[in-house]
Every structure is written in structure tokens, then in C-alpha cells.
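As C-alpha cells, the structure follows; a few thoughts come after it.
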Amino acid sequence: VKERYIRDEKSLQYYLRTKGKPYITAMRTPLIIKWPNAVKPGRTNDVLVNSVDLAPTIIDLAGIKVPEKMSGLSMAGWCVGNDGPKQEALYTGLYDGKEAWRGVWDRRYLYANLDYQVLYDHYTDPQETKNLFNSPDHQELKAKMQLKLEQLAEKTRDPMLSKIQQRVVAQNLNQISK
């Protein structure tokens with residue numbers, strides 16, 4: 001396995017990119033389902049699936065009604081047929097007591113805000129070598145991705161929503177003072 005390291009001018013010199021950081025390695029996780037006589041072998045699709053979708057999918061495949069208050073979406077329709085929910089973007093994040101991040105990935109752009117601030121264009125930069133977060137040319141895109149991040153945080157009732165919104169206010173005040 002080839003490990004990818006980054007060099008960050010602030011403090012993360014040569015840091016391993018892991019599932020716990022807001023990089024594509026945290027977003028791109030395959031969902032593999034094997035169920036003889038129910039799921040056709042070799043099926044593939046490019047549907048966006050989040051880890052919170054696993055429990056509802058398994059519950060649904062078991063023939064049990066998925067509780068309405070359960071987070072995530074059942075992907076059972078994609079497993080046994082050709083249709084299911086289509087998510088515009090994935091929302092994910094982590095808080096380990098020291099650092100927090102929340103991110104959104106819409107297949108093209110990966111955006112994260114809080115302790116990590118990243119914006120990558122995976123069409124033009126699949127290796128995540130050019131962080132566009134502070135690029136003056138990408139502020140409109142950044143605002144669009146921030147809105148998507150906040151909408152998904154609200155939809156999932158993320159307790160970090162207020163911190164996400166406060167960070168944006170602080171960033172905007174910082175830009176005004178420059």
C-alpha cells in the first residue's frame with residue numbers, strides 16, 4: 001500500500017493522511033455487500049454511501065422497517081436492484097477531544113472547515129496538492145460548499161453546527177479586518 005504524506009507549512013510536516021483527517025481517504029470507502037441468492041455478484045455503481053447508511057441498509061435488507069429517527073439512508077435498493085437514494089454529497093467529520101473537522105464531498109469538491117480548512121478540486125487535483133480554501137478565485141465556491149456543509153449539519157442534527165457557523169463568522173471578520 002502506498003502511503004501518501006503531505007507537507008503543511010504550519011505544523012503537519014509529512015503527516016500520514018488517514019481516515020481521521022478531512023482528505024479524500026476519509027470519504028472514499030467502498031460498500032461491499034455479499035448475500036448469495038439476493039445480491040447479484042459483480043454489481044457496481046457509483047452511489048455516494050456514508051458510514052451512517054450501513055445500519056439502515058442492513059436493517060432494510062433483513063426485512064425490518066428502518067426506524068424513522070435513525071440517521072442514514074438505506075442503500076438496500078442499490079444492493080438488490082437498480083434504484084435507491086441518490087445523495088448529492090457526503091457529510092462526515094470527526095472530533096477526538098483535541099481537533100474537530102466537518103467535511104462535505106460532492107464527487108468533485110472536498111471541503112472541510114473547523115480545525116482543518118481545506119477545499120480541493122478532485123477533477124483538476126486528485127492528489128490534493130493545491131488547497132483552494134484561501135484562494136481569492138474560489139471564495140464563491142467556498143461559500144457554496146460552506147452552505148452545503150451547514151445544511152447537512154442541520155439535517156443530521158450535528159451538535160457541532162454552532163461551532164461550524166461561529167468559525168465562518170470569525171473567518172469573515174478576519175477577512176474584513178485585512
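The values are calculated or read from the model by the stated rules, or taken from the named source; none is laboratory data. Bear in mind the structure is a predicted one, so any value in this text is a computation, not a measurement. Using ideal geometry, Cβ is built from the backbone for each residue, glycine included, and neighbour counts are taken over all protein chains shown. Each accessible area value is taken on the protein alone, full model and side chains, heavy atoms only, with ligands, DNA and RNA left out. Shrake-Rupley method; radii C 1.70, N 1.55, O 1.52, S 1.80 Å.
Out of everything in the range 61-80 that is open to solvent by 40 Å² or more (accessible area, probe 1.4 Å) and either touching a residue at least 60 places away in the same chain (Cβ under 8 Å) or not in a loop (DSSP other than H, G, I, E, B) (or both), what residue ends up being farthest from Leu31 (Cα to Cα)?
Ser71
Need pairs with beta-carbon distance below 7 Å; first residue surrounded by fewer than 15 Cβ atoms within 10 Å (Cβ to Cβ) and within the range 113-138, second basic (Lys, Arg); sequence gap 6+ or separate chains.
Cβ pairs passing all conditions: Tyr123/Arg108.
How many of the residues in the range 81-104 are open to solvent by less than 60 Å² (accessible area, probe 1.4 Å), closer than 28 Å to Lys142 by Cβ and outside any strand (DSSP E or B)? Quick ask: steps written out before the conclusion?
Here is the first cut: in the range 81-104, the residues open to solvent by less than 60 Å² (accessible area, probe 1.4 Å) are 81, 84-85, 87, 89-93, 97, 100-104.
Remaining after also requiring closer than 28 Å to Lys142 by Cβ: 85, 87, 89-93, 97, 100-104.
Add one more test, that the residue is outside any strand (DSSP E or B), and what stays is 85, 87, 89, 97.
Qualifying residue count for the region: 4.
Looking for whichever is part of a helix (DSSP H, G or I), of a type in the set (Gly, Ala, Ser) and surrounded by 16 or more Cβ atoms within 10 Å (Cβ to Cβ) here; the options are Ala55, Ala26. Which one fits? Walk me through how you get there before you give the answer.
Details: Ala55 fails: surrounded by 16 or more Cβ atoms within 10 Å (Cβ to Cβ).
Every option except Ala26 fails the conditions.
From Gly81, Gly20, Gly97, Gly72, grab the single residue that is at pLDDT 85 or above and farther than 18 Å from Phe133 by Cα.
Working: Gly81 fails: at pLDDT 85 or above; Gly20 fails: at pLDDT 85 or above; Gly97 fails: at pLDDT 85 or above.
None of the others qualify; the one that does is Gly72.
Hey, Met145 hits all of (1) open to solvent by less than 30 Å² (accessible area, probe 1.4 Å); (2) part of a strand (DSSP E or B) but one; which does it fall short on?
So Met145 meets the others, but not (2).
Quick one: is Asn37 polar (S, T, N, Q) and either surrounded by 10 or more Cβ atoms within 10 Å (Cβ to Cβ) or modelled with pLDDT under 75 (or both)?
no
Among (1) assigned to a loop (DSSP other than H, G, I, E, B); (2) on the phi < 0 side of the Ramachandran plot; (3) at pLDDT below 90, where does Arg157 come up short?
The number of the failed condition is (2).
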